[in-house]
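*Asks:* Have a look at this one before I ask anything.
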Amino acid sequence: MPLAVLHNILDYVKPTDRLVLRKVSRRFRDAVDDRDPGFKNATILIKELGEIVLKFDELCIFYRRSNVGCTLKAYNFSEKTIKNGHYLKLASTDFKMIINNPKLHLESFEVVLGPDFEGVDRKKTSEIIRIMLKSVKKVDVGKLTITGFIHEEIPMILQYFGSDNIQDLKIDDHICFDHIGKVVESNHWKKAKSIHFIWKSCLCPVFMHLTHFSDIQIHMKNVSVHDANRIIQLLQISANFKSLNITTCCVQDFLLVVKVLQPNFIQRVFGSGSTDFAINGKKFHVEFDLNNIKIEKKIR
């Protein structure tokens, strides 16, 4: 079969099915590897010690350690056991086969650590990440999400990702990080236009690092009047600001916070409301309920 014909056939085959055709022959494998795999979203989920899940769009593959080797399960396929196979080695080999394709153009990537790792030796989780990513080309995506890791591990993960195309950086922790450290020094933080992260304490240590973002989402314990003053400073300084959305883990009436932004605000319904305010000639809108306060810059 001429190579051009084979490529035309592959145009009509879903990305997940191309991986099956790849195993037909060396010619098929070369043809599949010579084109964009077609995936847009990728995830590494370290579910627990002994189990990793890889996701590429709708394709989901489980690699699980078993008594005789490794058990594989892929979405609607039957379970398969590979004797003497190591789950981590098999997962990293398959992952690199897709990720290292120079024609791959991912839009988003997630690195997720499952909740069962709380209290587990963090050296083990760091080693798993290194094995999965150490031989992979730098992944350059528009949206990067890191979930479940503590603050010391985040710079280690970021080093495996390019920053040229980063637009949206999301850091979700089961353990809220207090020390932002090397994260704000990374090019990923500096170049991203939107940020979503968890913060344990007040905004004082971090607000100065938010001035270049246009869209900001923060999850924190509560918002104080002192934080409101920091928000005003942020709105005064930032030239790119579009929106700030803060979600609190505790129920809170934001009346005192809103009063800092707009002293003339009158709350008509307990726990919720909205109003407009201006800072240095720039107009904003704020609305809130018992767990959320959102500020948006008004477009003239």
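*Asks:* Among Thr43, Asn100, Met132, which residue has its Cα positioned farthest towards the positive end of the charge dipole of segment 39-200, with +1 placed on the Cβ of Lys and Arg, -1 on the Cβ of Asp and Glu, and the dipole taken about the Cα centre?
*Replies:* Asn100
*Asks:* Next up: How much length, in nm to one decimal, is gained on full extension between Ser78 and Gln159, taken as 0.36 nm per residue of separation minus their Cα-Cα distance?
*Replies:* Values: separation 81, 0.36 × 81 = 29.16 nm, distance 3.62 nm.
So the extension gain works out to 25.5 nm.
*Asks:* Please work out how much length the chain gains when fully extended from Cys249 to His105, using 0.36 nm per residue of separation minus the C-alpha to C-alpha distance, in nm with one decimal. Working shown, then result.
*Replies:* On the way: separation 144, 0.36 × 144 = 51.84 nm, distance 3.64 nm.
Contour length minus Cα-Cα distance gives 48.2 nm.
*Asks:* Now for a separate question. Using the Cα centre as the reference, give the magnitude of the dipole from point charges on the C-beta atoms of segment 39-200 (Lys, Arg: +1; Asp, Glu: -1; all else neutral), rounded to the nearest 20 debye. Kindly include the intermediate steps, with their values, before the conclusion.
*Replies:* Values: 25 positive and 21 negative charges, 116 e Å.
Dipole about the Cα centre, nearest 20: 560 debye.
*Asks:* Now for a different question. How many angstrom lie between the Cα centre of segment 66-99 and the Cα centre of segment 282-300?
*Replies:* Segment 66-99 and segment 282-300 have Cα centres separated by 48 Å.
*Asks:* Hey, got the dipole for segment 222-300? About the Cα centre, +1 on K and R Cβ, -1 on D and E Cβ, debye to the nearest 20?
*Replies:* Working: 10 positive and 6 negative charges, 78 e Å.
Dipole magnitude for segment 222-300 comes out near 380 debye.
*Asks:* Tell me, what is the FRET efficiency for Gln233 and Asn187 to the nearest 0.05, using R0 = 35 angstrom and their Cβ-Cβ distance as r? The partial results should precede the final answer.
*Replies:* On the way: r = 25 Å, r/R0 = 0.71.
The formula returns an efficiency of 0.90 here.
*Asks:* What is the spread of the Cα atoms of segment 222-300 along each of their three principal axes, largest first, in whole Å?
*Replies:* Here the spans come out as 31, 24, 19 Å, largest first.
*Asks:* What list do you get for Lys103, Lys242 if you sort them by fewest beta carbons within 10 Å?
*Replies:* Ranked by crowding around the Cβ, least crowded first: Lys103, Lys242.
*Asks:* Taking only the C-alpha atoms, wrap a convex hull around segment 88-157 and report its volume per residue in Å³ as a whole number.
*Replies:* Working: hull volume 6.5 nm³, N = 70.
Once divided by residue count, the hull of segment 88-157 is 93 Å³.
Only the coordinates and a few stated rules stand behind these numbers; no lab work does. As the structure is a prediction and not an experimental result, all values here were calculated from the model. Because the Cβ atoms are built from the backbone with ideal geometry, glycine has one as well, and the counts that use them run over all protein chains shown.
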